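The values are calculated or read from the model by the stated rules, or taken from the named source; none is laboratory data. This is a predicted model, so every value here is computed, not measured. In this analysis, Cβ positions are derived from the backbone assuming ideal geometry, glycine residues included, and neighbour counts consider all displayed protein chains. For the accessible areas, the whole protein counts, side chains as well, though only heavy atoms, and no ligand, DNA or RNA atoms are used. Shrake-Rupley method; radii C 1.70, N 1.55, O 1.52, S 1.80 Å.
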Amino acid sequence: MKPTTLFSIAALIISILILWSLKEIIILFFASIIIAMALCTITGKIRNLLRIPRWTSVGITLVSIILISSFSIVIIIPQFTSEFQELINQIPSAVSKLWELSINTFFDITEIIYKDNNPNSFNRSILANNLSMIPDGGTLANGVTDSITKLISLVGNVGTGILQLFFIISVGLMITLQPSSYREVAILLVPSFYRRRARSILLKCGNALSNWMSGVVLSSICVAILVSIGLYLLGIKLVIANALIAGILNVIPNVGPTISTIFPLSVALLDTPWKSLAVLGLYILIQNIESYIITPSIMQKQVKLLPGLTITAQFIFTILFGPLGLLLAIPMAVVIQVLVKEIIIHDILERNHFTSHN
(Lines give C-alpha, C1' and ligand atoms only; values in the text may rest on other atoms or scores of the structure.)
Protein backbone atom coordinates (compact mmCIF):
# COMPACT_ATOMS: atom_id res chain seq x y z
CA MET A 1 0.00 0.00 0.00
CA LYS A 2 1.33 3.41 -0.97
CA PRO A 3 2.32 5.89 1.76
CA THR A 4 -0.14 8.44 0.41
CA THR A 5 -2.97 5.91 0.75
CA LEU A 6 -1.96 5.13 4.34
CA PHE A 7 -1.80 8.83 5.09
CA SER A 8 -5.29 9.35 3.63
CA ILE A 9 -6.74 6.48 5.67
CA ALA A 10 -5.08 7.78 8.84
CA ALA A 11 -6.38 11.29 8.15
CA LEU A 12 -9.89 9.91 7.62
CA ILE A 13 -9.78 7.94 10.88
CA ILE A 14 -8.52 10.96 12.81
CA SER A 15 -11.22 13.16 11.29
CA ILE A 16 -13.92 10.67 12.31
CA LEU A 17 -12.55 10.51 15.86
CA ILE A 18 -12.48 14.31 16.09
CA LEU A 19 -16.05 14.57 14.82
CA TRP A 20 -17.14 11.88 17.28
CA SER A 21 -15.60 13.78 20.19
CA LEU A 22 -17.47 16.89 19.06
CA LYS A 23 -20.80 15.13 18.48
CA GLU A 24 -22.62 17.11 21.19
CA ILE A 25 -21.56 20.42 19.66
CA ILE A 26 -22.43 19.14 16.18
CA ILE A 27 -25.99 18.22 17.18
CA LEU A 28 -26.43 21.63 18.83
CA PHE A 29 -25.11 23.34 15.70
CA PHE A 30 -27.54 21.33 13.58
CA ALA A 31 -30.37 22.43 15.89
CA SER A 32 -29.21 26.03 15.29
CA ILE A 33 -29.41 25.44 11.55
CA ILE A 34 -32.98 24.17 11.99
CA ILE A 35 -33.87 27.34 13.91
CA ALA A 36 -32.18 29.47 11.24
CA MET A 37 -34.03 27.66 8.45
CA ALA A 38 -37.34 28.21 10.24
CA LEU A 39 -36.63 31.93 10.65
CA CYS A 40 -35.43 32.23 7.05
CA THR A 41 -38.57 30.47 5.81
CA ILE A 42 -40.83 32.84 7.74
CA THR A 43 -38.74 35.80 6.61
CA GLY A 44 -39.01 34.71 2.98
CA LYS A 45 -42.81 34.32 3.24
CA ILE A 46 -43.17 37.80 4.73
CA ARG A 47 -40.79 39.30 2.17
CA ASN A 48 -42.66 37.79 -0.77
CA LEU A 49 -46.04 38.73 0.67
CA LEU A 50 -45.27 42.36 1.53
CA ARG A 51 -42.52 42.89 -1.08
CA ILE A 52 -40.18 44.54 1.41
CA PRO A 53 -36.37 44.38 1.91
CA ARG A 54 -34.97 41.33 3.65
CA TRP A 55 -33.73 43.19 6.74
CA THR A 56 -37.22 44.63 7.26
CA SER A 57 -38.82 41.20 6.97
CA VAL A 58 -36.23 39.80 9.43
CA GLY A 59 -37.17 42.53 11.90
CA ILE A 60 -40.89 41.81 11.50
CA THR A 61 -40.22 38.09 12.01
CA LEU A 62 -38.21 38.58 15.20
CA VAL A 63 -40.69 41.09 16.67
CA SER A 64 -43.59 38.74 15.88
CA ILE A 65 -41.83 35.81 17.55
CA ILE A 66 -41.07 37.91 20.63
CA LEU A 67 -44.71 39.02 20.90
CA ILE A 68 -46.03 35.47 20.44
CA SER A 69 -43.53 34.13 22.99
CA SER A 70 -44.51 36.84 25.49
CA PHE A 71 -48.20 36.03 24.98
CA SER A 72 -47.49 32.33 25.53
CA ILE A 73 -45.46 32.97 28.68
CA VAL A 74 -48.11 35.22 30.20
CA ILE A 75 -51.31 33.36 29.23
CA ILE A 76 -50.75 29.85 27.86
CA ILE A 77 -47.67 28.55 29.70
CA PRO A 78 -48.99 29.02 33.29
CA GLN A 79 -52.22 27.17 32.43
CA PHE A 80 -50.29 24.46 30.64
CA THR A 81 -47.81 24.07 33.52
CA SER A 82 -50.60 23.74 36.05
CA GLU A 83 -52.52 21.19 34.01
CA PHE A 84 -49.37 19.24 33.11
CA GLN A 85 -48.45 18.93 36.81
CA GLU A 86 -51.94 17.63 37.50
CA LEU A 87 -51.56 15.15 34.65
CA ILE A 88 -48.33 13.81 36.12
CA ASN A 89 -49.94 13.46 39.53
CA GLN A 90 -52.90 11.53 38.10
CA ILE A 91 -50.89 8.91 36.22
CA PRO A 92 -50.09 6.73 39.29
CA SER A 93 -53.77 6.69 40.31
CA ALA A 94 -54.72 5.79 36.74
CA VAL A 95 -52.24 2.89 36.73
CA SER A 96 -53.71 1.60 40.00
CA LYS A 97 -57.23 1.91 38.59
CA LEU A 98 -56.22 0.09 35.40
CA TRP A 99 -54.62 -2.70 37.45
CA GLU A 100 -57.73 -3.05 39.56
CA LEU A 101 -59.96 -3.22 36.49
CA SER A 102 -57.66 -5.78 34.86
CA ILE A 103 -57.68 -8.03 37.94
CA ASN A 104 -61.45 -7.82 38.34
CA THR A 105 -61.99 -8.55 34.65
CA PHE A 106 -59.59 -11.50 34.87
CA PHE A 107 -61.50 -12.85 37.90
CA ASP A 108 -64.84 -12.51 36.14
CA ILE A 109 -63.68 -14.22 32.94
CA THR A 110 -61.94 -17.02 34.84
CA GLU A 111 -65.00 -17.55 37.04
CA ILE A 112 -67.23 -17.83 33.98
CA ILE A 113 -64.90 -20.33 32.27
CA TYR A 114 -64.30 -22.59 35.28
CA LYS A 115 -67.86 -22.54 36.61
CA ASP A 116 -69.19 -23.51 33.20
CA ASN A 117 -66.85 -26.53 33.06
CA ASN A 118 -66.76 -27.55 36.72
CA PRO A 119 -68.53 -25.47 39.37
CA ASN A 120 -66.38 -26.92 42.16
CA SER A 121 -63.05 -26.24 40.44
CA PHE A 122 -63.05 -22.43 40.83
CA ASN A 123 -61.84 -20.97 44.08
CA ARG A 124 -61.59 -17.18 43.94
CA SER A 125 -59.54 -16.92 47.12
CA ILE A 126 -56.90 -19.39 45.93
CA LEU A 127 -56.59 -17.53 42.64
CA ALA A 128 -56.30 -14.23 44.52
CA ASN A 129 -53.51 -15.67 46.67
CA ASN A 130 -51.63 -16.78 43.56
CA LEU A 131 -52.05 -13.36 41.97
CA SER A 132 -50.77 -11.69 45.12
CA MET A 133 -47.26 -12.75 44.10
CA ILE A 134 -47.54 -10.30 41.17
CA PRO A 135 -46.80 -6.62 41.94
CA ASP A 136 -50.01 -4.77 42.74
CA GLY A 137 -51.27 -1.54 41.22
CA GLY A 138 -49.64 0.58 43.90
CA THR A 139 -46.24 -0.89 43.18
CA LEU A 140 -46.69 -0.38 39.45
CA ALA A 141 -47.93 3.16 40.07
CA ASN A 142 -44.87 3.96 42.15
CA GLY A 143 -42.68 2.53 39.40
CA VAL A 144 -44.40 4.71 36.81
CA THR A 145 -44.01 7.77 39.04
CA ASP A 146 -40.31 7.06 39.57
CA SER A 147 -39.79 6.58 35.83
CA ILE A 148 -41.52 9.86 35.00
CA THR A 149 -39.55 11.66 37.70
CA LYS A 150 -36.26 10.29 36.37
CA LEU A 151 -37.25 11.25 32.81
CA ILE A 152 -38.11 14.80 33.85
CA SER A 153 -34.88 15.09 35.84
CA LEU A 154 -32.94 13.76 32.85
CA VAL A 155 -34.48 16.27 30.48
CA GLY A 156 -34.65 19.06 33.01
CA ASN A 157 -31.01 19.68 33.78
CA VAL A 158 -31.70 23.39 34.07
CA GLY A 159 -28.18 24.80 33.90
CA THR A 160 -27.01 22.73 30.95
CA GLY A 161 -30.34 23.10 29.19
CA ILE A 162 -30.28 26.90 29.42
CA LEU A 163 -26.73 27.06 28.05
CA GLN A 164 -27.58 24.74 25.19
CA LEU A 165 -30.75 26.69 24.39
CA PHE A 166 -28.81 29.96 24.47
CA PHE A 167 -26.19 28.50 22.11
CA ILE A 168 -28.82 27.18 19.69
CA ILE A 169 -30.79 30.44 19.58
CA SER A 170 -27.68 32.65 19.34
CA VAL A 171 -26.10 30.71 16.48
CA GLY A 172 -29.48 30.36 14.77
CA LEU A 173 -29.99 34.14 14.85
CA MET A 174 -26.47 34.74 13.53
CA ILE A 175 -27.06 32.40 10.61
CA THR A 176 -30.46 34.00 9.96
CA LEU A 177 -28.95 37.47 9.64
CA GLN A 178 -26.35 36.38 7.06
CA PRO A 179 -27.33 32.97 5.62
CA SER A 180 -25.46 33.47 2.33
CA SER A 181 -22.18 34.25 4.09
CA TYR A 182 -22.32 31.11 6.21
CA ARG A 183 -23.29 29.03 3.18
CA GLU A 184 -20.30 30.32 1.25
CA VAL A 185 -17.98 29.49 4.17
CA ALA A 186 -19.27 25.91 4.08
CA ILE A 187 -18.77 25.76 0.31
CA LEU A 188 -15.13 26.81 0.68
CA LEU A 189 -14.50 23.55 2.54
CA VAL A 190 -15.11 21.48 -0.61
CA PRO A 191 -12.77 21.24 -3.63
CA SER A 192 -13.01 24.13 -6.10
CA PHE A 193 -14.23 21.96 -9.00
CA TYR A 194 -17.25 20.82 -6.94
CA ARG A 195 -18.26 24.15 -5.37
CA ARG A 196 -20.94 25.06 -7.88
CA ARG A 197 -22.51 21.65 -7.46
CA ALA A 198 -22.15 21.88 -3.64
CA ARG A 199 -23.96 25.22 -3.68
CA SER A 200 -26.85 23.62 -5.58
CA ILE A 201 -26.97 20.67 -3.14
CA LEU A 202 -27.00 22.95 -0.10
CA LEU A 203 -29.89 24.91 -1.59
CA LYS A 204 -31.81 21.65 -2.11
CA CYS A 205 -31.11 20.65 1.51
CA GLY A 206 -32.39 24.04 2.64
CA ASN A 207 -35.54 23.76 0.56
CA ALA A 208 -36.19 20.24 1.87
CA LEU A 209 -35.81 21.41 5.47
CA SER A 210 -38.05 24.43 4.87
CA ASN A 211 -40.77 22.27 3.32
CA TRP A 212 -40.49 19.77 6.17
CA MET A 213 -40.72 22.45 8.86
CA SER A 214 -43.67 24.22 7.24
CA GLY A 215 -45.54 20.95 6.92
CA VAL A 216 -44.77 19.79 10.48
CA VAL A 217 -45.86 23.08 12.04
CA LEU A 218 -49.18 23.10 10.16
CA SER A 219 -49.72 19.41 10.86
CA SER A 220 -49.03 19.86 14.59
CA ILE A 221 -51.45 22.81 14.80
CA CYS A 222 -54.16 20.74 13.11
CA VAL A 223 -53.54 17.81 15.49
CA ALA A 224 -53.69 20.10 18.55
CA ILE A 225 -56.98 21.63 17.35
CA LEU A 226 -58.55 18.23 16.60
CA VAL A 227 -57.44 16.84 19.97
CA SER A 228 -58.83 19.84 21.87
CA ILE A 229 -62.19 19.59 20.07
CA GLY A 230 -62.41 15.81 20.57
CA LEU A 231 -61.48 15.89 24.26
CA TYR A 232 -63.88 18.78 24.90
CA LEU A 233 -66.77 16.86 23.29
CA LEU A 234 -65.92 13.78 25.36
CA GLY A 235 -65.86 15.86 28.53
CA ILE A 236 -62.22 15.07 29.36
CA LYS A 237 -60.50 17.43 31.80
CA LEU A 238 -57.20 19.25 31.21
CA VAL A 239 -57.89 19.87 27.51
CA ILE A 240 -55.25 22.59 27.03
CA ALA A 241 -52.38 20.50 28.39
CA ASN A 242 -53.35 17.40 26.41
CA ALA A 243 -53.83 19.38 23.18
CA LEU A 244 -50.45 21.15 23.48
CA ILE A 245 -48.70 17.87 24.33
CA ALA A 246 -50.29 16.19 21.28
CA GLY A 247 -49.26 19.06 19.02
CA ILE A 248 -45.69 19.24 20.30
CA LEU A 249 -45.08 15.49 20.28
CA ASN A 250 -46.53 15.23 16.77
CA VAL A 251 -43.11 16.50 15.62
CA ILE A 252 -41.69 13.09 16.60
CA PRO A 253 -43.26 10.45 14.32
CA ASN A 254 -44.30 7.07 15.77
CA VAL A 255 -42.98 7.74 19.28
CA GLY A 256 -44.55 11.14 19.94
CA PRO A 257 -48.23 10.31 19.23
CA THR A 258 -47.96 7.15 21.33
CA ILE A 259 -46.59 9.05 24.33
CA SER A 260 -49.18 11.83 23.98
CA THR A 261 -51.99 9.25 24.28
CA ILE A 262 -50.92 8.21 27.80
CA PHE A 263 -51.97 11.47 29.48
CA PRO A 264 -55.62 11.77 28.30
CA LEU A 265 -56.08 8.02 28.82
CA SER A 266 -55.06 8.47 32.46
CA VAL A 267 -57.52 11.34 32.96
CA ALA A 268 -60.36 9.44 31.26
CA LEU A 269 -59.66 6.25 33.22
CA LEU A 270 -60.04 8.08 36.55
CA ASP A 271 -63.22 9.80 35.35
CA THR A 272 -65.17 7.03 33.62
CA PRO A 273 -63.45 3.83 32.40
CA TRP A 274 -65.41 3.69 29.13
CA LYS A 275 -64.11 7.15 28.22
CA SER A 276 -60.57 5.77 28.04
CA LEU A 277 -61.65 3.58 25.12
CA ALA A 278 -63.28 6.61 23.51
CA VAL A 279 -60.08 8.64 23.96
CA LEU A 280 -57.98 5.82 22.47
CA GLY A 281 -60.33 5.66 19.48
CA LEU A 282 -60.21 9.46 19.14
CA TYR A 283 -56.39 9.53 19.04
CA ILE A 284 -56.25 6.66 16.54
CA LEU A 285 -58.76 8.50 14.34
CA ILE A 286 -56.80 11.78 14.57
CA GLN A 287 -53.53 10.08 13.73
CA ASN A 288 -55.09 8.44 10.68
CA ILE A 289 -56.52 11.81 9.59
CA GLU A 290 -53.08 13.38 10.10
CA SER A 291 -51.27 10.61 8.23
CA TYR A 292 -53.60 10.15 5.26
CA ILE A 293 -55.33 13.54 4.84
CA ILE A 294 -53.50 16.43 6.55
CA THR A 295 -49.89 15.46 5.87
CA PRO A 296 -50.37 14.54 2.16
CA SER A 297 -52.30 17.80 1.62
CA ILE A 298 -49.78 20.21 3.17
CA MET A 299 -46.53 18.35 2.47
CA GLN A 300 -46.76 17.76 -1.27
CA LYS A 301 -43.26 19.15 -1.82
CA GLN A 302 -41.71 17.50 1.21
CA VAL A 303 -38.95 14.91 0.81
CA LYS A 304 -40.68 11.56 1.17
CA LEU A 305 -39.19 9.41 3.94
CA LEU A 306 -39.93 5.70 4.02
CA PRO A 307 -41.39 4.46 7.36
CA GLY A 308 -38.48 2.05 7.84
CA LEU A 309 -35.98 4.86 7.26
CA THR A 310 -37.85 7.07 9.75
CA ILE A 311 -37.75 4.46 12.53
CA THR A 312 -34.11 3.60 11.79
CA ALA A 313 -33.11 7.27 11.91
CA GLN A 314 -34.91 7.74 15.23
CA PHE A 315 -33.22 4.68 16.72
CA ILE A 316 -29.70 5.55 15.53
CA PHE A 317 -29.78 9.26 16.35
CA THR A 318 -31.31 8.62 19.78
CA ILE A 319 -28.46 6.24 20.62
CA LEU A 320 -25.85 8.66 19.30
CA PHE A 321 -27.20 11.97 20.60
CA GLY A 322 -29.81 11.17 23.27
CA PRO A 323 -33.23 12.90 23.55
CA LEU A 324 -32.16 15.79 21.31
CA GLY A 325 -31.18 13.25 18.67
CA LEU A 326 -34.69 11.78 18.78
CA LEU A 327 -36.18 15.25 18.31
CA LEU A 328 -33.89 16.07 15.37
CA ALA A 329 -33.85 12.59 13.82
CA ILE A 330 -36.32 13.39 11.04
CA PRO A 331 -34.76 16.69 9.85
CA MET A 332 -31.34 15.01 9.90
CA ALA A 333 -32.79 12.11 7.90
CA VAL A 334 -34.24 14.62 5.41
CA VAL A 335 -30.82 16.22 4.90
CA ILE A 336 -29.02 12.86 4.69
CA GLN A 337 -31.52 11.59 2.11
CA VAL A 338 -30.93 14.65 -0.09
CA LEU A 339 -27.14 14.27 0.25
CA VAL A 340 -27.26 10.55 -0.58
CA LYS A 341 -29.54 11.15 -3.56
CA GLU A 342 -27.53 14.05 -4.99
CA ILE A 343 -23.93 13.00 -4.19
CA ILE A 344 -23.80 9.21 -4.01
CA ILE A 345 -26.57 8.26 -6.43
CA HIS A 346 -26.53 11.13 -8.94
CA ASP A 347 -22.89 12.27 -8.92
CA ILE A 348 -21.10 8.96 -8.28
CA LEU A 349 -23.20 5.92 -9.21
CA GLU A 350 -25.13 7.33 -12.16
CA ARG A 351 -22.09 9.13 -13.57
CA ASN A 352 -19.99 5.98 -13.33
CA HIS A 353 -22.80 4.02 -14.99
CA PHE A 354 -23.00 6.58 -17.78
CA THR A 355 -19.21 6.58 -18.22
CA SER A 356 -19.01 2.77 -18.39
CA HIS A 357 -21.53 2.72 -21.27
CA ASN A 358 -19.46 5.20 -23.22
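Remarks
- Label point at Thr105 placed 7 Å out along Cα→Cβ; residues across the range 260-275 whose backbone nitrogen lies under 17 Å: 262, 265-275
- Around Arg199: net Lys/Arg minus Asp/Glu count, Cβ-Cβ under 11 Å: +4
- Cross-link pairs Lys23/Lys341; Lys45/Lys204; Lys23/Lys204 - those with Cα-Cα distance over 20 Å: Lys23/Lys341; Lys23/Lys204
- Per-residue surface analysis assigns Phe317 an accessible area of about 30 Å², computed on protein heavy atoms at 1.4 Å probe radius.
- Contour minus Cα-Cα distance for Thr310 and Leu12 (0.36 nm per residue): 104.5 nm
- Student exercise, the range 191-327 dipole from Lys, Arg, Asp, Glu Cβ charges, in Debye to nearest 20: 820
- A 1.4 Å probe, protein heavy atoms only, puts the accessible area of Met213 near 20 Å².
- Given +1 at the Cβ of Lys and Arg, -1 at the Cβ of Asp and Glu and no other charges, the dipole of the range 1-90 around its Cα centre is 620 debye to the nearest 20.
- Alpha-carbon centroids, the range 244-300 and the range 1-69: separation in whole Å: 31
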